[in-house]
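Engineer: Got a structure here, written out as structure tokens. Questions coming.
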Amino acid sequence: MRQMSFFELDLDFDPVAEAVEALAALLAPAREGEDLRALARRILERCEGLEGLARASALDLAGIPGVGRARAARIRAAVELGRRIVLAPPQEPPIVRGPDDAYRLVADMADLEQEAMRAILLNTRGRLLAIRTIYVGNTDRIPVRPAEVFREAVRRNAVYMVLAHNHPSGDPTPSQEDIEITRDLIAAGQLLGIQVLDHLIIGRGRYASLREHGVQFE
């Protein structure tokens with residue numbers, strides 16, 4: 001698909017026209033013979049624009065012919081909702097405190113038909129930086145090269161990492177190979193200053209934590 005350039009974007013956006021349409025929707029349903037768009041324009045004119053509308057009280061709005069208390073209350077509620085959305089703090093990425101938190105981030109791996117490995121990258125507070133797919137292999141095994149596993153972690157200055165890979169069979173029981181690979185990656189992480197906290201094996205509706213299976217991660 002050809003990428004659209006900035007010059008092809010629709011720049012005919014009219015905020016007043018959009019506000020009229022939004023206000024008309026809030027004023028619905030129309031009374032007999034009533035033009036809701038005309039009423040919406042009259043409200044904006046009386047309030048001297050959108051800024052005035054944001055400052056207008058329910059009493060001020062109710063006094064405009066055709067509005068009334070019920071419609072004024074709806075307009076005020078919409079304005080207040082918009083204000084709260086604008087002032088709401090941005091949602092922070094989740095913190096991974098244990099294997100259950102990590103599993104919730106990669107539970108969808110149970111549906112993969114091929115075996116894959118992901119890295120959950122965390123900062124010094126355990127807050128999520130990124131989730132990256134490292135490998136997608138065949139149904140039997142995936143190749144694991146430490147350079148590939150830690151490349152994105154180094155680029156993002158991650159301090160901690162949780163590894164996860166799925167067993168397409170649905171059985172999350174760790175194999176001996178899973179344990180050996182995990183030990184190798186723990187050692188590689190120590191050289192890079194990135195602590196591998198756990199390695200999850202994702203099965204159908206359940207998972208296994210190699211930390212809980214006795215693998216030493218410290």
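The values are calculated or read from the model by the stated rules, or taken from the named source; none is laboratory data. The shown structure was predicted, so the numbers you read here are calculated from the model rather than taken from an experiment. Cβ placement follows ideal geometry from the backbone for every residue including glycine, while neighbour counts extend to all protein chains displayed.
Engineer: From the set of residues in the range 20-51 that are of a type in the set (A, V, I, L, M, F, W, C) and not in a helix (DSSP H, G or I), which is surrounded by the most Cβ atoms within 10 Å (Cβ to Cβ)?
Structural biologist: Taking the range 20-51 and keeping what is of a type in the set (A, V, I, L, M, F, W, C), we get 20, 22-28, 30, 36, 38-40, 43-44, 47, 50.
Next, from what is left, pick out any that are not in a helix (DSSP H, G or I): 28, 30.
On the way: Ala28: 10, Ala30: 12.
Restricting to residues being of a type in the set (A, V, I, L, M, F, W, C) and not in a helix (DSSP H, G or I), the top hit is Ala30.
Engineer: What number goes with the only condition from (1) within 23 Å of Pro15 (Cβ to Cβ); (2) in a loop (DSSP other than H, G, I, E, B) that Ala72 does not pass?
Structural biologist: That leaves (2) as the condition not met.
Engineer: Also, quick follow-up: List pairs: first in the range 67-94 and more than 16 Å from Gly52 (Cβ to Cβ), second surrounded by 13 or more Cβ atoms within 10 Å (Cβ to Cβ), Cβ under 6 Å, 6+ apart or cross-chain?
Structural biologist: Correct list of pairs: Gly68/Ala62; Arg69/Ala62; Arg71/Leu27; Ala73/Ala58; Arg74/Leu26; Pro93/Arg127; Pro93/Leu128; Pro94/Leu128.
Engineer: Go through the range 204-216 residue by residue and tally those that are crowded, with 18+ Cβ neighbours inside 10 Å and under 24 Å from the mean Cα position of the chain (by Cα).
Structural biologist: 1
Engineer: Moving on. When the residues of the range 162-189 are narrowed to those that are part of a helix (DSSP H, G or I) and of a type in the set (S, T, N, Q), which ends up surrounded by the fewest Cβ atoms within 10 Å (Cβ to Cβ)?
Structural biologist: Going residue by residue through the range 162-189, those that are part of a helix (DSSP H, G or I) are 176-189.
Within this subset, residues satisfying the condition of being of a type in the set (S, T, N, Q) are 176, 182.
On the way: Gln176: 7, Thr182: 24.
Across the range 162-189, the extreme among qualifying residues is Gln176.
Engineer: Scan the range 58-65 and give yes if some residue there is modelled with pLDDT of 90 or more, closer than 30 Å to Pro29 by Cβ and either surrounded by fewer than 12 Cβ atoms within 10 Å (Cβ to Cβ) or under 23 Å from the mean Cα position of the chain (by Cα) (or both), otherwise no.
Structural biologist: First, the residues of the range 58-65 that are modelled with pLDDT of 90 or more: 58-65.
Still in the list and also closer than 30 Å to Pro29 by Cβ: 58-65.
From what is left, the residues that are either surrounded by fewer than 12 Cβ atoms within 10 Å (Cβ to Cβ) or under 23 Å from the mean Cα position of the chain (by Cα) (or both) are 59, 65.
Yes, that holds for at least one residue.
Engineer: Taking Asp111 as the residue in question, decide whether it is exposed (fewer than 14 other Cβ atoms within 10 Å of the Cβ) and of a type in the set (D, E, K, R).
Structural biologist: On the way: exposed (fewer than 14 other Cβ atoms within 10 Å of the Cβ): yes; of a type in the set (D, E, K, R): yes.
The answer is yes for Asp111.
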